[in-house]
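Just so it is clear, none of the values below were taken in a lab; they were calculated from the coordinates. These numbers come from a predicted model, not from an experiment. With ideal geometry, Cβ positions are generated from the backbone for all residues, glycine too; neighbour counts draw on all protein chains shown.
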Amino acid sequence: MQFTFRTSPPPTYIAPSGDEMREVAQKVGLGSYSRDLVADLCNLAAGGRISPPSEYRDLVRHRVEESLSAPDSEGEWSVSKPISGRKYTKDRQVAINDRLEAAMKYHQNVVDFLDTVDLAQFPGNTPLEQAMSLLKLLSKQQGGQGGGEAGEPLPIFSDNERPEGVAEALNEVMDEVDSLSEEEQDMLDPEGKNHSVMESPEGDGQKSGTKSLDRLKVAEDLVPGADKRVMLDISRKLDQFTKLQVRRQRLVEPDPAGEEVRQRPMKHLGELSRVAKTAWATRQKSPSYFLYQAVSGQLPVRERVTRLEKKQAIFILVDGSGSMRGKKHWKATGVVMNRLKAVLAGDAEVFLSVFDTQLGRVEHAGTPEEARELMKKFAKGNFSGGGTDIAATVRAAHTKIEEMIREGAALYRPEVVVLTDEDTSIQGLKKQEVNGTRVHGFAMEVRNPSLVDFAKSTGGVGIDSF
């Protein structure tokens, strides 16, 4: 059965039946869809062509004539374009032509969409599966939901002045999915719901241990306007700031009990007894040259050392006032995601506190498992705090980091990240009170010049109306 006239399949192609469409739609969780649009996508994927409007204009006219309702009590039909200043007409043919042009405009919009969308980008092993995946994502857009199996017209194509933009947005979503790093996947899906363990390539029913990304589920989370898309966009925006780059510190320190031995240039003549044995052969052959090497520090000395690693300390302070809900919360979650990626990479330890007039409970993430757990917990957070005192909280965070370092924590280069929609309470804080700590300030959808200026004075990033 042919469901569409906008496209034509190649001669040898067998189009999917209604039952096949229904079965695949159920697999992807799509309740309603346009069979015409599914057929269009499959036809083109199989190598078919887009039909010119002249081939189906008469058919569309016939359908318009059949579906035209009876006139109103005044014997009139409404029209989209006023005629002599009136939006009604008693001429049936005028009413038909008005609806015909609207219908042809709709079909041209769909054709423009089909001509732009890249079906091969979408998840699925067959054109039908890929078409249903595409329509599942389309249904997440305003007006993209189908109205039953027939499902047309779809509102998203009825009044859209640029239907190509709809296709470009969906193509972009799949590009985003394919560009996700492992750290981004972990942060967007900390519970692992969008991953499954693949079977071994031998087909023996055993699990290979390799995780496969469910691209459709991830794509649903990343459609424009979705909460996780906001998170990802914010996280990637922060990746562009040099001042926000995170790195661990690697040190090599002399240690008589160290397990590793290195060679280094001699520092003074008192270390002659530690010179490598091979160097003494030079002394026997040329004592003056040996002495020259010793004085100029060219002789190698063996030394036991211990390698130390220090991770960057990042303390995130999130304003807990009720006004930080909604889009502000998801922007803040994007910042948290960005900083927790450094924990996954092994470069940082993150401390997080939701504050009001004082520092709240401090959460900690020092391992990938803890980072995923903190991401999951914060994303589900529901803020309901009262007042806001940024200055007191920044002081408290700075003091806490200093205490941990004094107690021997392998941390360095502390940073405090402030996320708030407050605009006044940073003014009492002085740079000298947080000496050695870099502060980053993000004013969430408000202006807070004092926070921005203070952050920049410490060498950090400050952004207004974030």
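Tabulated data for the structure shown
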| read-out | value |
| --- | --- |
| 22 Å Cα-Cα threshold exceeded, pairs from 193/243; 376/400; 228/311; 27/380; 327/430; 237/327 | 193/243; 376/400; 228/311; 27/380; 327/430 |
| Tensor-based shape of region 2-82 (alpha-carbon gyration tensor, a/c under 1.5 rounded, otherwise prolate or oblate) | oblate |
| The chain: C-alpha gyration tensor shape, a/c 1.5 cut-off, then a/b vs b/c | prolate |
| Qualifying GluC sites (Glu not before Pro) in region 219-269, DSSP loop, other Cβ atoms within 10 Å at most 16 | 259 |
| Nonlocal amide H pairs with residue 321, under 5 Å, H built at 1.01 Å | 385 |
| Region 1-144, relative contact order [Cα under 8 Å, separation at least 6], % | 28 |
| Sequence-separation-based contact order of region 251-308, relative, with Cα cut under 8 Å and 6+ spacing, percent | 62 |
| Region 299-337: trypsin sites (Lys or Arg not before Pro) falling in loop per DSSP and having at most 14 other Cβ within 10 Å | 325 |
| Over the chain, relative contact order from alpha-carbon pairs under 8 Å, at least 6 apart, % | 10 |
| In region 393-449, GluC sites (Glu not before Pro) in a DSSP loop with at most 16 other beta-carbon atoms within 10 Å | 407, 445 |
| Residue-span extension gain [residue 357 to residue 105] - 0.36 nm each, minus C-alpha spacing | 84.9 nm |
| Fewest-first ranking of 156, 401, 96, using other Cβ atoms within 10 Å as the exposure measure | 96, 156, 401 |
| Candidate lysines for bridging to residue 90, where Cα separation is under 23 Å - those fewer than 8 sequence places away on the same chain excluded | 81 |
| Positive-end extreme of charge dipole, the chain - chosen from 97, 68, 355 (charges on Cβ) | 355 |
| Tensor-based shape of region 334-450 (alpha-carbon gyration tensor, a/c under 1.5 rounded, otherwise prolate or oblate) | oblate |
| The chain, dipole about Cα centre (Lys/Arg Cβ +1, Asp/Glu Cβ -1), debye to the nearest 20 | 2460 |
| For residue 348, distant residues with modelled amide H under 5 Å away | 312, 343 |
